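See structure below.
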Amino acid sequence: MTYGELAERSWSWVVSQVRWDDDGPWIPESGDGAKPEEYVEGMHSGIGGLAHVLAEIRLVRPWTSEEQQLAAGIAARIRSAIPADTTITYFDGLVSSIGVLTALEEPGSAAALDRLFELVDDERGGWAQSFLEPPKYHENARCNDVTLGTASVLMGALWALRRSPDVAVRRDPHPGGEAERQVAHRARRLARRLTGWTADWLLAEQEVTPAGLNWLFAPRRFYTGEPTEMPNFSHGLAGIVAVLAAAGAELDRPELVDAARRGAEHLVTLGITDDQGFRVPRVIPWAERHGDEFTYNWCHGGAGTASAFSALEYAGVPQIAGETPAAWRRRCLDGVRYSGIPERLRPGFWDNDGRCCGTAGVGDAFLDAWQGDGDERDLEFAVRMGDTLVDHASPEGYWQFVEHRNEDPLLPPGVGWMQGAAGIAAYLFRLQRVLDGDQRAVERMDNWWGLTR
């Protein structure tokens, strides 16, 4: 079976899981068919994530009539949810909505930007997060990180600005009219204001260290005790470095690029650099209850952390701790390559095939690197990830991850983008296209700087 054939089979299984209600399409989080109690519209595991698969499919073939209906239904559901949404995040909130609508080339990003302004706390800056609860956090805590916090809004607003936001206003039934121009102009204005605010708030939360700068998951003043750090891309320093560097380059704000550089100077002191690359612990301070000290995925490992150095390359930073950003990016990828993945070397090691925490996300990072550098080792490793996904696939086209501590270690098959068959299928579609000679890549708000260097 080719990667493309498995991608189509997997996508067919995902589409078979789609259900419709009065608000539009939705998907269960897993193949058990149960409707999620929250985050129904979100990118992470909700219906919004299917927009990113459809964006990948658009480069493979025309959408079917069923896919056109699904895309329209997703966009309508997302737009209708924006006015009442109180969640800001890249995974499941208003930033997710910007990504979904731009992926579908549908209007609505301006409404999401408007809603972000409605929810902002002008006096204290940022957005209070309900999941940051006592006793670990003080009331009204803010979050810094790139998936759930202030940096996620910066990433979303920057993406909207880059896409001249409401990119799909041109799909309005009356294209080229004054109303279209006004919406696009307002969206650009909102996005530019929002990028400025969020960048300034992040600068205000920096912590000066002997090596450079640091940002915690949440600002230190909101913790009731001593904080732990998750310094890789998803919840910590690497993700904030990436977005600050990209924002500094796009907004012509050298102070943001310099802050990102100094953040990277601190980041490289947190890990191990040797003849097997560079790797940063997933949690600091590490304890045995955290599992493996190092992982190698998009969220908490080298596959994601490499993108921070891609952003620094994009911003024109010449050196980090005496080495180029490109050299540090290569060391991150080498750390992944020498780690032993995708083999399940021991219980609990590499039990996930998804985009966020597993094989598909690693493969995508290596395809990004290969398309930027042309290093055949990266393509070979991406192919190895594809072969592993073929080996692990069920006959129906889904994947079951492993929780080795359970009596029955096979978890229910995930459906969505970050932890399910949808995201894996998108990777396999892309891998097949690349091997067939199509070098195009789908730009998203979390990867574009690595595709333009």
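The values are calculated or read from the model by the stated rules, or taken from the named source; none is laboratory data. Remember, predicted model here, so these are calculated numbers, not experimental data. Methodologically, a virtual Cβ is constructed for each residue, glycine included, from the backbone with ideal geometry; neighbour enumeration extends over all protein chains shown. The area values use the complete protein model at the heavy-atom level, side chains included, leaving out ligands, DNA and RNA. Shrake-Rupley method; radii C 1.70, N 1.55, O 1.52, S 1.80 Å.
So that you can scan it fast, the table gives a plain yes or no per residue for (1) surrounded by fewer than 18 Cβ atoms within 10 Å (Cβ to Cβ); (2) assigned to a loop (DSSP other than H, G, I, E, B); (3) out of contact with any Cys (no Cβ under 9 Å at 6 or more places or on another chain):
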residue: E380; (1), (2), (3): yes, no, yes
residue: L389; (1), (2), (3): no, no, yes
residue: G397; (1), (2), (3): no, yes, yes
residue: G416; (1), (2), (3): no, yes, yes
residue: G423; (1), (2), (3): no, no, no
residue: L428; (1), (2), (3): no, no, yes
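Only one of the listed residues (T89, T64) is open to solvent by 50 Å² or more (accessible area, probe 1.4 Å) and of a type in the set (V, I, T). That residue is T64. Across segment 344-354, not a single residue is classified as open to solvent by 30 Å² or more (accessible area, probe 1.4 Å) and closer than 16 Å to L267 by Cβ. Comparison of G239, G248, G263 shows that the only residue that is of a type outside the set (D, E), closer than 21 Å to D446 by Cβ, in contact with a strand residue (DSSP E or B) (Cβ under 6 Å, 6 or more places away or on another chain) and at pLDDT 95 or above is G263.
May I ask you to verify whether R384 is over 24 Å from E443 (Cβ atoms), charged (D, E, K, R) and either touching a residue at least 40 places away in the same chain (Cβ under 8 Å) or in a helix (DSSP H, G or I) (or both)? Spelling it out, R384 is indeed over 24 Å from E443 (Cβ atoms), charged (D, E, K, R) and either touching a residue at least 40 places away in the same chain (Cβ under 8 Å) or in a helix (DSSP H, G or I) (or both). Check L270, L251 and return the single one that is in contact (Cβ under 8 Å) with a residue 24 or more places away in the chain, over 19 Å from T147 (Cα atoms) and open to solvent by less than 30 Å² (accessible area, probe 1.4 Å). After ruling out the rest, the residue left standing is L251. With respect to the conditions (1) buried (at least 23 other Cβ atoms within 10 Å of the Cβ); (2) over 17 Å from A245 (Cα atoms); (3) at pLDDT 95 or above, G156 falls short on a single one, namely (2).
Evaluating Y137 against the criteria (1) surrounded by 22 or more Cβ atoms within 10 Å (Cβ to Cβ); (2) among the aromatic types (F, W, Y); (3) farther than 23 Å from E250 by Cβ leaves one unmet condition, (1). Pairs linking a residue in segment 430-453 that is closer than 29 Å to T195 by Cβ and among the hydroxyl-bearing types (S, T, Y) to a residue that is buried (at least 20 other Cβ atoms within 10 Å of the Cβ) and at pLDDT 95 or above, with Cβ atoms under 7 Å and 6 or more positions apart or on different chains, are T452/Y314.
Of the set (1) crowded, with 24+ Cβ neighbours inside 10 Å; (2) of a type outside the set (G, A, S); (3) at pLDDT 90 or above, all apply to D166 but (3).
Residues in segment 48-59 that are more than 16 Å from the chain's Cα centre (by Cα) and either among the basic types (K, R) or surrounded by 17 or more Cβ atoms within 10 Å (Cβ to Cβ) (or both): L54, I57, R58. Of everything in segment 204-235, what is assigned to a loop (DSSP other than H, G, I, E, B), open to solvent by less than 30 Å² (accessible area, probe 1.4 Å) and under 19 Å from W286 (Cα atoms)? Give them in sequence order. Scanning segment 204-235 gives W215, L216, F217, A218, P227, P231, N232, F233, S234.
To keep it simple, each residue is scored yes or no on (1) without any contact (Cβ under 8 Å) to a residue 12 or more places away in the chain; (2) open to solvent by 70 Å² or more (accessible area, probe 1.4 Å).
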site	(1), (2)
L6	no, no
S10	no, no
W13	no, no
Q17	no, no
G24	no, no
P36	yes, no
Y39	no, yes
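Among the conditions (1) touching a Ser or Thr at 6+ places or on another chain (Cβ under 8 Å); (2) closer than 26 Å to R337 by Cα; (3) open to solvent by 50 Å² or more (accessible area, probe 1.4 Å), the only one that M385 does not satisfy is (3). Being of a type in the set (D, E, K, R), outside any helix (DSSP H, G or I) and out of contact with any Pro (no Cβ under 8 Å at 6 or more places or on another chain) is not true of R433. Counted as qualifying within segment 242-355 are the helices (runs of 4 or more DSSP H) with 1 or more residues that are more than 22 Å from the chain's Cα centre (by Cα), namely 254-267, 325-337. Among the residues of segment 356-378, the ones that are over 16 Å from the mean Cα position of the chain (by Cα) and open to solvent by less than 10 Å² (accessible area, probe 1.4 Å) come to 2 in all. When every residue of segment 99-107 is checked against the conditions, none turns out to be surrounded by fewer than 24 Cβ atoms within 10 Å (Cβ to Cβ) and touching a Lys or Arg at 6+ places or on another chain (Cβ under 6 Å).
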